[in-house]
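J.: Pasting a structure here, questions to come.
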Amino acid sequence: MSAPAAREEARERDAADALSGFRARFAIPCGARGEPLVYLCGHSLGLLPLAARELVGEELDDWARLGVEGHERARRPWLSYHENLTTGLAALTGAHPGEVIAMNSLTVNLHLMLASFYRPERRRTRILMEAGAFSSDRHAVASQIAWRGLDPESTLIELAPRAGEDTLRAEAIEDCLRESGEQIALVLWPGVQFRTGQAFDLARIARAAHAAGSLVGFDLAHSIGNLPLTLHASDADFAVWCSYKYLNGGPGAIGGCFLHQRHSDAQPRDRHGGALPGVRLAGWWGHEEPTRFLMEPQFRASAGVSAWQISNPAVLAAAPLIASLRIFEESGIGNLRAKSVALTDYLDRLIRPLQPRVHIITPPSGAQRGCQLSLRIAGGAARGRHVFDALSGRGMVCDWRSPDIIRVAPVPLYNRFEDVWLFAAALAEALAGAP
Ligand SMILES: Cc1ncc(COP(=O)(O)O)c(C=O)c1O
């Protein structure tokens, strides 16, 4: 197909897209001459939902108007602010409302979950995770192991793809759990791998972990808002996420946490310390709301995962997320996923003819990826970097991940088929001009 004909196809697909109107509800960044950039970086930082300005403004107004009384009298009282996010987060994660909470940030929530659920005992001391995990997860896990007086290097099992392969085979996790399961206390796994874009079957991993007698937690930084999730039914023990990527919560937005109901039910409500694993680290915001301000030394836990809250929530870091979750509720994660598969398949189809000058390392099937494609440019990292810079010069916003990957993510809420076409055309030009 000639280039103009292909662009026409992209425009026709945009015209037929029932979700295309949502793009106008986001701020699309512009280049130096005021032209809208082709923003394909929602895997790193999602775009501003325009309604977020109003929501943040309302919190500032209520603070100005009410001072401390805003805790109870703001239009969304700050005392229970996190509850504004519960329904939306439960819908996106496939959880009961009592199993999800907006709080802290991803790595802090991971530490809280590891404190409760990583319980090395006798021979079962090890943590299984992926080799090449996001650095913060690796640091959290290694430091939790060291904090318990164990050696991180010999206690961690880091599973790598087979030699010559970029992504992990699902059976590799099961094989490892079958072989070494009695030593593994906990499995920590990503829903979507940040560098390769590979998506994993969380229910399958949870089944294998539980069959081996291990607990399992998931890092959903690149999954939430990207793929529909079914955490309760998948029987995950816990999960953590950030809200600044596909959830469009803004830089440093409040993070989130899922804890399966069976674990919160197993803990006593009226004291610290209960059945292992699962003992909470506590703060006043985990204390039940009706008696919190009696400030008594005796702890009485809130219901569900909200008992794991430590501090009062960052209202200004949560307000934009309310705006974004409303958009998710309106558009529907099922509809978004259907468009996302079509967008990413289209990107894949346009890039494949550029092989072998570029290699898509993300798995080819929709079931094994979210919206992101990860590209490796033939000829080494320096050449890859040159192509990446050329793409940036052509108004493409994607990102570079060390050592040699360009990540590109068409996001169904605000990207068009035409954006995908423009990116593929820019990539072809950048490759042609590469040294
Ligand atoms: C996969 C993954 N895990 C963890 C983090 C760290 O998140 P935070 O800084 O919110 O703790 C990120 C941040 O981008 C991430 O992509």
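Read-outs: derived from the displayed coordinates by stated rules, not from any lab. It should be emphasised that the depicted structure is a prediction, and the values quoted were computed from it without experimental measurement. All Cβ positions, even for glycine, are placed from backbone atoms using ideal geometry, and neighbour counts span all protein chains on display.
J.: Along the charge dipole of the chain, Cβ charges K/R +1 and D/E -1, which of Ile351, Ser105, Ala95 sits furthest on the positive end?
T.: Ile351
J.: At 7 Å along Cα-to-Cβ for each site, give me the label-to-label distance between Ala432 and Glu69 in nm.
T.: 6.8
J.: Using amide H atoms built in the peptide plane, which far-off residues or other-chain residues are under 5 Å from Thr362 H to H?
T.: Sorted by chain and number, the residues that satisfy this are Ser374.
J.: Sort 304-313, 236-245 by the packing proxy (mean of other Cβ within 10 Å over each peptide's residues), most packed first.
T.: Final packing ranking: 236-245, 304-313.
J.: Give me, ordered by chain and number, the residues 5 or more places off Gly225 or on other chains with an amide H under 5 Å from its own placed amide H.
T.: Residues meeting the amide H criterion: none.
J.: Sort 340-346, 329-335 for me by packing, meaning the mean count of neighbouring Cβ atoms within 10 Å per residue, highest on top.
T.: 340-346, 329-335
J.: List, in order, the whole-Hz ³J(HN,Hα) value for each residue of region 332-349 obtained from phi through the Karplus relation with A = 6.51, B = -1.76, C = 1.60 and θ = phi - 60°; use x for Gly and Pro.
T.: x, 5, x, 5, 4, 5, 4, 5, 4, 4, 5, 5, 6, 4, 5, 4, 4, 4
J.: Can you pull out the trypsin sites (Lys or Arg not before Pro) in region 247-298 whose DSSP state is coil and whose Cβ has at most 13 other Cβ atoms within 10 Å?
T.: Passing both the DSSP loop test and the Cβ count: Arg271.
J.: Classify the chain: rounded, prolate or oblate, from the alpha-carbon gyration tensor (a ≥ b ≥ c, eigenvalue square roots; a/c under 1.5 rounded; otherwise prolate if a/b is larger than b/c)?
T.: Because a/c hits 1.5 or more and a/b fails to exceed b/c, the chain counts as oblate.
J.: Something else about it: Assigning unit charges at the beta carbon (Lys, Arg +1; Asp, Glu -1) and nothing else, what dipole magnitude in debye, to the nearest 20, does the chain show about its Cα centre?
T.: 480
J.: Additional query: Once fully extended, how much extra length lies between Cys30 and Ala378, figured as 0.36 nm per residue of separation less the alpha-carbon to alpha-carbon distance?
T.: Stretched fully, the Cys30-Ala378 segment lengthens by 122.3 nm.
J.: Something else now. What relative contact order, as a whole-number percentage, does region 295-435 give when Cα pairs under 8 Å and 6 or more residues apart are counted?
T.: Reported as a whole number, the value is 22 percent.
J.: When a/c reaches 1.5 or more, the comparison of a/b and b/c decides; with that in mind, is region 1-147 rounded, prolate or oblate per its Cα gyration tensor?
T.: Verdict is oblate for region 1-147.
J.: Whole-Hz ³J(HN,Hα) for each residue in region 395-405, computed from phi via Karplus 6.51 cos²θ - 1.76 cosθ + 1.60 with θ = phi - 60°, x for glycine and proline: what do you get?
T.: Result, rounded to whole Hz: x, 8, 9, 9, 9, 10, 10, 4, x, 7, 10.
J.: Please identify the trypsin sites (Lys or Arg not before Pro) of region 1-92 that satisfy two criteria: DSSP loop assignment and at most 16 other Cβ atoms within 10 Å. Which are they?
T.: Arg33, Arg75
J.: Please say if region 234-288 is rounded, prolate or oblate, where rounded means a/c under 1.5 for a ≥ b ≥ c the square roots of the C-alpha gyration tensor eigenvalues, and otherwise the choice is prolate for a/b larger than b/c and oblate otherwise?
T.: Cα axes put region 234-288 in the oblate bin.
J.: Okay, helix-only estimate at 222 nm for the chain: each DSSP H run of n ≥ 4 adds -39500 (n - 2.57), divide by all residues, round to 500 deg cm²/dmol; what do you get?
T.: Rounded to the nearest 500, it is -12000 deg cm²/dmol.
J.: Restricting to Cα pairs below 8 Å that are 6+ residues apart, what does the relative contact order work out to for the chain? Please round to a whole percent.
T.: Reported as a whole number, the value is 22 percent.
J.: Quick one: helix 106-117 against the long Cα principal axis of the chain, what's the angle to the nearest 10°, folded into 0 to 90?
T.: The two axes meet at around 40 degrees.
J.: Suppose R0 equals 22 Å. What FRET efficiency, 1/(1 + (r/R0)^6) with r the Cβ-Cβ distance, do Ala172 and Ser136 give to the nearest 0.05?
T.: In this case the efficiency is close to 0.40.
J.: What are the residues whose amide H is under 5 Å from the amide H of Ala301, where those residues sit 5 or more places off or on another chain and H is modelled from the backbone?
T.: Under 5 Å from the amide H of Ala301: Asp270, Arg271, Glu288.
J.: Place a +1 charge on the Cβ of each Lys and Arg in region 109-225 and a -1 charge on the Cβ of each Asp and Glu, then give the dipole magnitude about the Cα centre in debye, rounded to the nearest 20.
T.: My answer is approximately 340 debye.
J.: Quick one: 3J(HN,Hα) in Hz for region 321-327, Karplus 6.51/-1.76/1.60 with θ = phi - 60°, rounded, Gly and Pro as x.
T.: 5, 4, 4, 5, 5, 5, 5
J.: Taking the chain as a Gaussian network, where each spring joins two C-alpha atoms under 10 Å apart, which residue of Leu281, Leu114, Leu413 fluctuates the most?
T.: Comparing Leu281, Leu114, Leu413 in the GNM, the peak value goes to Leu281.
J.: Using the alpha-carbon centroid of each, what span in Å lies between region 127-202 and region 49-122?
T.: Region 127-202 and region 49-122 have Cα centres spaced 29 Å from each other.
J.: Please report the relative contact order for region 148-212, taking Cα pairs under 8 Å with a sequence separation of at least 6, and give it as a percent rounded to a whole number.
T.: After rounding, I find 31 percent.
J.: Once the Cβ-Cβ distance between Glu12 and Val279 is put in as r, and R0 is 56 Å, what FRET efficiency do you end up with, to the nearest 0.05?
T.: For R0 = 56 Å, the calculated efficiency reads 0.45.
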